[in-house]
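The values are calculated or read from the model by the stated rules, or taken from the named source; none is laboratory data. These numbers come from a predicted model, not from an experiment. Ideal geometry is used to build each Cβ from the backbone, glycine not excepted, and the neighbour counts take in all protein chains shown.
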């Protein structure tokens, strides 16, 4: 039997978190700006093009380049639809609509990715599945790279430190 440590008793006046003032919340948002989904989509487009060109250049086969490029498109197009849906006016009405919109657009993204992959044999002549999967996986991994290279907050003391 597991024993769970008791929670510290708090009074109604003593909150377990500190409520921020409007000024503190504004400063916190300035220090940690949100990453735009369009930043991620742009990175995916660049990586997709590089992967397709590299696949074509390394193998010397045009169909391998098209296959890798189509794999990247199977990530980029649904991600762009998702980003458009999340940045729409309806998605930012309140927390409830934002959560529902996120789930809805995520389902649309998954369904469109599956549809694009299912259509690949008919759309890409001499399809190379390994190249398509390489393009798909490398383009998908841009999410992590985009977070690492996202634009940073501009320091008011030294605005030249901002990454663009």
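Things worth noting here:
- Verdict on residue 58 being modelled with pLDDT of 95 or more, within 14 Å of the chain's Cα centre (by Cα) and surrounded by fewer than 17 Cβ atoms within 10 Å (Cβ to Cβ): no
- Some residue of segment 105-113 being more than 26 Å from residue 147 (Cβ to Cβ) and exposed (fewer than 14 other Cβ atoms within 10 Å of the Cβ): no
- Helices (runs of 4 or more DSSP H) lying entirely in segment 53-153 (those with 1 or more residues that are free of Cβ contacts under 8 Å to residues at least 60 places away in the same chain, touching a helix residue (DSSP H, G or I) at 6+ places or on another chain (Cβ under 7 Å) and over 19 Å from residue 35 (Cα atoms)): 62-86, 95-123
- Check on residue 111, at pLDDT 95 or above, within 17 Å of residue 79 (Cα to Cα) and within 18 Å of the chain's Cα centre (by Cα): yes
- Candidates 99, 95, 74, 83: the one that is over 24 Å from residue 129 (Cβ atoms) and surrounded by 14 or more Cβ atoms within 10 Å (Cβ to Cβ) is 83.
- Qualifying residue in segment 30-45 (condition: exposed (fewer than 11 other Cβ atoms within 10 Å of the Cβ), at pLDDT below 85 and not in a loop (DSSP other than H, G, I, E, B)): yes
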